[in-house]
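Take a look at the structure set out below.
Values quoted throughout were computed directly from the atomic coordinates according to the rules given, and no laboratory measurement underlies them. Bear in mind that the values here come from a model prediction, so they are computed numbers and not experimental data. All Cβ positions, even for glycine, are placed from backbone atoms using ideal geometry, and neighbour counts span all protein chains on display.
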Amino acid sequence: MRWNVIMALIVGTCTIHAAPERLVCLGGSVTETVFALGSGSLVAGVDDSSTRPPEAADRPSIGYYRMASAEGILSLNPDAVLASEDAGPPHVMEQLKGTGTPVITVTGGHTIPDALTRIHAIAQYLGKEREGINLATELEQGMKAIPPVDGDPVDVLFVFARGAGTLNVSGTGTAADEIIRLAGGRNAVTGYEGYRPLTAEAMVTAAPDVILLTDSGLGSIGGPEGLASIPGISMTPAGRDNRIVSLDDLYLLGFGPRVHEAVLDLHRKLYP
Amino acid sequence: MLLLLLAALLIMVLITGLSIGAMTIPPGRILAALVQPLGIDLPWTAEAQEAAVLLQIRAPRVFLGAIAGAALALGGVLMQALFRNPLADPTLIGVSAGAALAAAACTVFAPAIALIIPLSPVWLVPIAAFAGGWFTVMLVLQLAGGYGRMRVEQVLLAGIALNALAGAGIGLLMLIANDAQMRDVAFWSFGNLGRADWHVGIMVILLSLPLFLFGLRFAPWLNALLLGEGEAAMLGIPVERLKRAAILLTCLAIGGTVAFTGLIGFVGLVVPHIIRLITGPDHRTLVPASALLGSIVLPLADVISRTAVAPVELPIGLITALIGAPFFLVLLLGRRNREAI
């Protein structure tokens, strides 16, 4: 909560300056929000995680937003950098400020309240408060429209894959854990926080009804067939019934302005 | 002759480093931005942002690259002389591994550490890395005979063991790290000069200066050491003190470099060999020439890292290996062919 206040203050002081004309956005949900507010034409550059909307992906990318380089960002000649608080490394953010380029930081959190805070903060910075309120209302309405689950929730296990050698399973406290809960599912793995490498035995013990991945994650292990060949998967209920769900990375985990659509989408896949 | 050539190359590389980057700045405006702080006004001026990029981002970066490259190369020269082993480089005494472990621990436990030490990770990681490198080298020296006679093969073996131990430690930390921390650790271990500002540059040059002076002053002694420790001692050289000083000063310089740039491989190992292939093993030439070549190679690699896929940056450690290794192989093959004839 305190963060929101600080963020509002930062954004508040920045709006005193003239509205930006060339923005570099760092963080997929930040970029998506700027576009959703109708300010996509201001975006001069993005980072690799900014894949939505498709127009955003056409903008020059400065690489991964946690590993930005100051000169790379400045070469796009921005008059402001709008960044998720996760953007970095920290010294690059300092260097940017040192060259007189304003850096506006918004929360990188992955809950619905965080998504709303992000929308309001960015809207206020862009002078689009009304559009921000509309977008936030739409999101809240969308969340209310998620049908309740009767009976036992589906056990979902989220696998974060970057090639067959690096498969990590989400515990609690992650964006995946939150989106599973919002969609009416139950995270099958609650013994730890964050991500841990997948082991065959732990997979069988967790006995998920559904295995959830991101599209790029599923692609990196050779699609559903590749996943089925990983030890342990075929011995889970999800593997037996072939209940593998995958959604776009940023859509599923970004907690952007369309997070309610992702939640509904996931809900329908969990409860067909 | 070779030294003059290298010095000329160095100047060219430094100018190239200043002129080229993700942001295009015309040469005239670069000159204007550089001389403005000296009170010289040209008929044209650089824009404020261009001047800021040049003076606060690019110039310190080129400077740090040159110093770090020289320190890494010279560290390699000293370690190869000390161990009389062509495979030796500064990583051998554990300074990089210790620094990497401390930096990784600092990254992974950042939230807990922040509660105790209210210091930004921007400074915490380099300080921890330097301390970690220093601590590991001290441990290596203790294991290799404490304050008595230091046997280099003991240093070598202790270094190998501690390197393995630190590697295991980093592996463990990666297990409990979250995705972001993992990327930070990986980022650090590929090396990057993006951390550079003038404070960092000054700090690294202060930490490296003793190594440069030592290398230049005691080059004849290093030559004698190549004959063997017994022979060097018979020539009246205080071998024990020489060895200890070489290790400590290397640790100081490399620890300082690695703390701010991360792990940059290859330079320390191969730059001395390239010079040796050209001029032979006399340290009176080897020391200054390696330092110069190191300070050419690293800013050059950085130029490539900054521009190859701009605005994205490539890790510099990748570039040094990618261009350095084939170049080194060509030199090696050239020598083999000459010897065959």
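Numerical summary
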item	result
Cβ pairs under 6 Å, 6+ apart, first in region A:178-195 and within 14 Å of chain B (Cβ to nearest Cβ), second surrounded by fewer than 24 Cβ atoms within 10 Å (Cβ to Cβ) and outside any strand (DSSP E or B)	A:Tyr192/A:Gly171; A:Glu193/A:Gly171; A:Glu193/A:Gly173; A:Gly194/A:Gly171; A:Gly194/B:Asn178
One residue from B:Ala110, B:Ala59 being in contact (Cβ under 8 Å) with a residue 12 or more places away in the chain, within 14 Å of another protein chain (Cβ to nearest Cβ) and touching a Pro at 6+ places or on another chain (Cβ under 7 Å)	B:Ala110
Every pair of residues 6+ apart whose Cβ atoms lie under 9 Å, when the first sits in region A:123-146 and is on the phi > 0 side of the Ramachandran plot while the second is surrounded by fewer than 19 Cβ atoms within 10 Å (Cβ to Cβ)	A:Gly127/A:Thr15; A:Gly127/A:Ala19
Odd one out for B:Val137, checked against (1) within 14 Å of B:Val258 (Cβ to Cβ); (2) free of Cβ contacts under 8 Å to residues at least 60 places away in the same chain; (3) crowded, with 22+ Cβ neighbours inside 10 Å	(2)
Residue in region A:60-73 that is more than 11 Å from chain B (Cβ to nearest Cβ), surrounded by fewer than 24 Cβ atoms within 10 Å (Cβ to Cβ) and without any contact (Cβ under 8 Å) to a residue 24 or more places away in the chain present	no
Pairs where the first residue, in region A:75-104, is within 7 Å of chain B (Cβ to nearest Cβ) and the second is in a strand (DSSP E or B), C-beta under 6 Å, 6+ apart	A:Leu76/A:Val24; A:Leu76/A:Ala44; A:Leu76/A:Gly45
Residue in region B:44-55 that is away from chain A (no Cβ under 14 Å), surrounded by fewer than 21 Cβ atoms within 10 Å (Cβ to Cβ) and in a loop (DSSP other than H, G, I, E, B) present	yes
Filter result (surrounded by fewer than 16 Cβ atoms within 10 Å (Cβ to Cβ) and away from chain A (no Cβ under 14 Å)) within region B:113-126	B:Leu115, B:Ile116, B:Ile117, B:Pro118
Pairs with Cβ under 7 Å, 6+ apart, first in region B:198-223 and touching a residue at least 60 places away in the same chain (Cβ under 8 Å), second in a helix (DSSP H, G or I) and of a type in the set (D, E, K, R)	B:Ala219/B:Arg284; B:Pro220/B:Arg284
The lone exception for A:Gly219 - which of (1) under 22 Å from A:Val263 (Cβ atoms); (2) under 22 Å from the mean Cα position of the chain (by Cα); (3) not charged (D, E, K, R) it fails	(1)
Test set (1) within 20 Å of A:Ala145 (Cα to Cα); (2) surrounded by fewer than 18 Cβ atoms within 10 Å (Cβ to Cβ) - A:Arg240 fails condition number	(1)
Per-region count, region A:82-126, residues within 22 Å of A:Gly254 (Cβ to Cβ) and either polar (S, T, N, Q) or in contact with a strand residue (DSSP E or B) (Cβ under 7 Å, 6 or more places away or on another chain) (or both)	19
Options B:Pro311, B:Pro315, B:Pro299; residue that is surrounded by 15 or more Cβ atoms within 10 Å (Cβ to Cβ) and either of a type in the set (D, E, K, R) or within 21 Å of B:Ile205 (Cβ to Cβ) (or both)	B:Pro299
Some residue of region B:171-191 being in contact with a Gly (Cβ under 7 Å, 6 or more places away or on another chain), without any contact (Cβ under 8 Å) to a residue 60 or more places away in the chain and within 14 Å of another protein chain (Cβ to nearest Cβ)	yes
